[in-house]
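The values are calculated or read from the model by the stated rules, or taken from the named source; none is laboratory data. This structure is a prediction, so every number in the text was calculated from the model and none was measured. Here Cβ is always computed from backbone atoms with ideal geometry, including for glycine, and neighbour counts include all displayed protein chains. Heads up: the accessible areas ignore ligands, DNA and RNA and are worked out on the full protein's heavy atoms, side chains in. Shrake-Rupley method; radii C 1.70, N 1.55, O 1.52, S 1.80 Å.
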Amino acid sequence: MRKVLALLVWNANEVVPVGRLFDELWGEAPPASAKVQLQGIISRLRRLLGTERIATAATGYVLRAEAVELDVELVRQGLAAGRELIAGGDVALGAARLREALGRWRGPADPHFGEPIAAQLDELRMTVLEERVDADLLLGSTADLIGELTVAVAEHPLRERLRAQLMTVLARRGRVSEALDVFLAFRRTLVDELGVEPSARLCALHGRILRGEPDVQPTFPLPRGARPPRRLPPALPDFVGRGEWLAELADVLTAPRRVCPPLVAVSGAAGLGKTSFAVQLAHRVRERFPDGQLFATLRGDDTTSALHQFLRALGTPADFVPVSEDECSALLRDLLAGREVLLVVDNAVDARQVRPFVPAEPGCAVLVTSRRTLGELEGARLVRMGLLDAREAAELLTGIVGAPPGDALLARCGGVPLALRIAGALLLDHPQWTGEDLAAWLAEERAVRTG
């Protein structure tokens, strides 16, 4: 009985020939009592649905129903309405209509419909889904699509439109390598199972993702109207010396726009105050970079973590941040387009580690510190940090302890800012000591260690 009802519902308001009903019920060998049995089924259905629902025609039977009583008709109407709205420019309302149509599905088609009808129902569902996803992409909405499309692709591995949509969403979410993997997996499936290649349209999408073209760039809303990031550490209130360099390099970083962004690389041995100098310089020029100032300290070879810091500071949602260093660098350049941002990269190991942070925008600038002289860093203004002279060293230590430290202690510190600050901290911790006492103690400690 359910097979007959399914066939009548699927063909509502159309005559279903008796021969077709025989075929659905018994195939090519209907019993001699087929006609009587079918009449009995129709009678039972009339008792359930009402006698007026199923009419007898010359060649078969017809189920009378209004469109609003049939989910499949409501889905077809929703699909048509959604298409019309989208074509007329109201994409949001069109997407809503398509979403309503999808909401009428409660699971797979009843098996009593038979394979042909079940396949048509599934095709209708996938068409509505694909058109709704296209509408979501037009609206820039990608947040919830990856999971939905991943499931749909697994259920329908040969539907190219689904693959294209999943590739687009992944690319727009900054997950470029995964988008390319979707293409490669689909190509392998086609070649292995059908012996054919993906369509020219899908190959073109693959190429656009590889080239990073605008339609497959990340589309999350960047908070350009929000407060720009201010990530510089505080400048030292007792910073001493380096005045000529501060003035010269401030001019380098704030020079009028040119083809490439200015790049300054400050190098020198540990303890010479490279980071303090860079922070002091960055604060001096920060007003020239109204779109933000970024700061990150590199930890060994872990460039990607610092790139992640910069991307998040510029408003990138966590799930948009790419995994690979190359993709992070590309996204950083994209986010800095048209902006004036100062990037401070502290403690770089080598030039290779710095390059991912260098933007293409001439309005930006990069300030780097490293223990090595980064001579291979293209276009960089190189500065080698030296010792403080005797006057500067005395000024720094006097500023810390509030009294002249004495020549012996200054000589022991050797003009190294870190050594001077440590010496000042020791004097503050031991107020009974003079500078000469500390110098003598340091000499004894050195003799013990080296003796």
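Considering only the chain, what is the antiparallel percent among its DSSP beta bridges, to the nearest 5?
25
In the frame of its principal axes, region 246-391 has Cα extents of 52, 33, 24 Å, reported largest first.
Packing, taken as the mean count of other beta carbons within 10 Å per residue, orders the peptides 120-130, 150-160 from highest to lowest as 120-130, 150-160.
Between the listed residues Cys413, Val75, Thr304, the Cα displaced farthest toward the positive end of the dipole of the chain, a dipole computed from Cβ unit charges relative to the Cα centre, is found at Val75. Let a ≥ b ≥ c be the square roots of the eigenvalues of the Cα gyration tensor of region 139-191; is it rounded (a/c under 1.5), or, if not, prolate (a/b larger than b/c) or oblate? Since a/c reaches 1.5 but b/c is at least a/b, the shape of region 139-191 is classed as oblate. All C-alpha pair distances within the chain, sorted into 20 Å bins from zero, spread as 18, 31, 23, 15, 9, 3, 0 percent across the bins.
If you line up the long axis of helix 390-401 against the longest principal axis of the chain, both from Cα atoms, how many degrees apart are they, to the nearest 10? Tilt relative to the chain: about 70 degrees.
More than 15 angstrom separation, counting every C-alpha pair in region 363-431; what % is that?
59
Need one number: the % of Cα-Cα pairs in region 287-339 sitting beyond the 18 Å mark. For region 287-339, the share of Cα pairs beyond 18 Å comes to 30 percent. For the chain, the longest principal axis of the Cα atoms and the long axis of helix 71-87 meet at an angle of about 50 degrees. Helix 417-429 and the long axis of the chain differ in direction by around 80°, with both axes built from C-alpha atoms. Between region 231-273 and region 141-204, what's the alpha-carbon centroid distance in Å? When both Cα centres are located, 48 Å separates them. Global size of region 335-384: 10.9, 32 Å for Rg and Dmax (C-alpha atoms, Rg to one decimal, Dmax whole). For the pair region 390-408 / region 283-304, the C-alpha centres are spaced 31 Å from each other.
Taken about its Cα centre, the chain carries a charge dipole of about 560 debye when Lys and Arg each add +1 at the Cβ and Asp and Glu each add -1 at the Cβ. Each peptide among 237-247, 346-356 gets the average number of other Cβ atoms lying within 10 Å of its residues, and from highest to lowest they stand as 346-356, 237-247.
Our note on the geometry: Cα centres of region 54-91 and region 331-347, 54 Å apart.
Whenever you get a sec, compute what percent of the accessible area on the chain sits on carbon and sulfur atoms (1.4 Å probe).
The C+S portion of the solvent-accessible surface of the chain is 54 percent.
Computed per residue of the chain from DSSP H runs no shorter than four, each worth -39500 (n - 2.57), the mean residue ellipticity at 222 nm is -17000 deg cm²/dmol.
What fraction of the Cα pairs in region 313-451, stated in percent, has a spacing above 18 angstrom? Write down the numbers at each step before the final one.
Numbers: 6487 of 9591 pairs.
Of all Cα-Cα pairs in region 313-451, 68 percent lie more than 18 Å apart.
Would you mind counting up the charge near Asp181? Only other residues with Cβ under 12 Å from its Cβ, with Lys and Arg at +1 and Asp and Glu at -1. Walk me through the numbers before you get to the answer.
Details: positive: Arg163, Arg175, Arg187, Arg188; negative: Glu178.
Net local charge, Asp181 excluded: +3.
Kindly identify region 54-174 as rounded, prolate or oblate by the Cα gyration tensor criterion: order the square roots of the eigenvalues as a ≥ b ≥ c, call it rounded if a/c is under 1.5, otherwise compare a/b with b/c, prolate if a/b is larger, else oblate. Oblate, because a/c is 1.5 or more while a/b does not exceed b/c.
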